[in-house]
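Peer 1: Sharing a structure with you now.
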Amino acid sequence: VSFASGVRAQVNSVDLQIDTQTLGFEGDVVESQWTPMRLTLTSRAAEPRVVLCRWLLRDQDGDRIVAEREATLNPMTQAHLWLYAPVPVGQRQTAWQVQVIDPGTREILAQAAPPQNAPQPINVYRPGETRLIGVCGGVADLGLLDYASDARTAQEPTRLIRNLNIEELPDRWYGMSMLNALIWTQNGGDPGQMPMHVQTALRHYIERGGHLVIVL
């Protein structure tokens, strides 16, 4: 595990947790490309409520970037929500804020930020600097470790992002776009449990040039 557990913030009636392992892929992000971030939300209100989740960043010119998405939360029920934003060029720190807002009153119900003192810092790569390959499941006996560590087998450095689960991939294709390839091994998740939105996102990722390798 590359990071500590998520950061919680309680302002009013929503608990917010940033899943740092799903900030990018295991903390790996690529400048100027879409970066996924998964939130865990729990409403303490007595009735279902609609909230607006916002990811606030600043680009290299200092202008604010706002990525937002609406969600409906049921009382005392944990929900997951993906947000997507391009990481600004030259930004090598996690100076980002996430807010949960009441869309009617604009009241901030919760806010949090990725931890600045995570055991392993977030890795920000430049486009084309490093090939990122996601692996759903283990990599034993597949030869991938030699491929990643031996410069004679690749035109650029290769980073293997291991132990992904096919059931928990981003729910939009552009959330996977930073991956040069996705390798699905037999212990990488049950295809029968893959949510429909993940199936659709994976299909669109492939249609737009993404590579999917299935190991039988």
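The values are calculated or read from the model by the stated rules, or taken from the named source; none is laboratory data. Note that the coordinates shown come from a computational prediction; the quantities given were computed from them, not determined experimentally. Here the Cβ positions follow ideal geometry from the backbone for every residue, glycine too, while neighbour counts run over all protein chains shown. With ligands, DNA and RNA removed, areas are computed over all heavy atoms of the protein, side chains included. Shrake-Rupley method; radii C 1.70, N 1.55, O 1.52, S 1.80 Å.
Peer 1: Calculate what fraction, in whole %, of the accessible area of the range 17-115 sits on carbon and sulfur atoms when a 1.4 Å probe is rolled over the protein chains. Before the final figure, lay out each step's value.
Peer 2: Details: 1910 of 4260 Å².
Accessible surface attributable to carbon and sulfur in the range 17-115 totals 45 percent.
Peer 1: Roughly speaking, what is the stretch gain from Gln60 to Thr200, that is 0.36 nm per residue apart minus the C-alpha to C-alpha distance, in nm to one decimal?
Peer 2: Details: separation 140, 0.36 × 140 = 50.40 nm, distance 3.31 nm.
Computed gain between Gln60 and Thr200 is 47.1 nm.
Peer 1: Mind ranking 80-87, 31-38 by how tightly packed they are, going by the mean number of other C-beta atoms within 10 angstrom, highest first? It would help to have the intermediate numbers written out before the result.
Peer 2: Values: 80-87: 18.5, 31-38: 20.2.
Output ranking for 80-87, 31-38: 31-38, 80-87.
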